[in-house]
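Contents: one structure, followed by commentary.
The values are calculated or read from the model by the stated rules, or taken from the named source; none is laboratory data. Not measured: the values here are computed from a predicted model. Ideal geometry is used to build each Cβ from the backbone, glycine not excepted, and the neighbour counts take in all protein chains shown.
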């Protein structure tokens, strides 16, 4: 069942077996299909949440992955993932989409701009925070452990805690204990 979208055959034309004379489109059952890098094959599963972005429509749709291929394409080193989409009259078959699949999640992560992290000569990562010391606000150096990095942001897994006052400007020339003002 569906809607006749195109008639490819003309009156009086001979149709041979396998010739698609009429194209029927069923818009009640749409799916998004994407190719995912094989490096994610161990973490993408049926039932995972995905965000489908349709750039031409400036639209985002939340969906669940309904199919994950068991075979890696030997040329592109990718596998297929599919997600069922709710019927929407604005969607059309073969539209270009971006399929975002979360490959990492941290419930209570501290995330900072990657460029705020400095390295000591011993290759230790550190940042500067503002602390009160004897009634004055001073810069203190904190060694941090960096977790995941994505899009210019870094997860800090140790060294900072919620409520710390991270120094975000002028931190390159600070020395520990230097008095600062906001």
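For the reader, a short list of remarks on this structure follows.
- Taking the stretch 1-98 and the strands (runs of 3 or more DSSP E) fully enclosed by it, the elements with 1 or more residues that are in contact (Cβ under 8 Å) with a residue 40 or more places away in the chain are at 22-25, 30-37, 49-54, 78-85.
- Qualifying residue in the stretch 146-165 (condition: exposed (fewer than 11 other Cβ atoms within 10 Å of the Cβ), touching a helix residue (DSSP H, G or I) at 6+ places or on another chain (Cβ under 7 Å) and under 26 Å from residue 39 (Cα atoms)): yes
- Count - residues of the stretch 127-145 that are surrounded by fewer than 10 Cβ atoms within 10 Å (Cβ to Cβ) and outside any strand (DSSP E or B): 2
- Residue within the stretch 119-126 that is in contact (Cβ under 8 Å) with a residue 60 or more places away in the chain and surrounded by 14 or more Cβ atoms within 10 Å (Cβ to Cβ) present: no
- Just one residue in the set 170, 177, 152 is without any contact (Cβ under 8 Å) to a residue 40 or more places away in the chain and either under 30 Å from residue 40 (Cα atoms) or in contact with a strand residue (DSSP E or B) (Cβ under 6 Å, 6 or more places away or on another chain) (or both); that residue is 152.
- Filter result for residue 103 (under 30 Å from residue 64 (Cα atoms) and within 21 Å of the chain's Cα centre (by Cα)): yes
- If you filter the stretch 85-118 down to residues that are in contact with a helix residue (DSSP H, G or I) (Cβ under 9 Å, 6 or more places away or on another chain) and loosely packed, with under 13 Cβ neighbours inside 10 Å, you find that the one that is nearest to residue 28 (Cα to Cα) is 90.
- If you check 82, 11 for being exposed (fewer than 13 other Cβ atoms within 10 Å of the Cβ), over 30 Å from residue 158 (Cβ atoms), out of contact with any helix residue (DSSP H, G or I) (no Cβ under 9 Å at 6 or more places or on another chain) and not assigned by TED's automatic domain parsing to the domain that holds residue 146, only one passes: 11.
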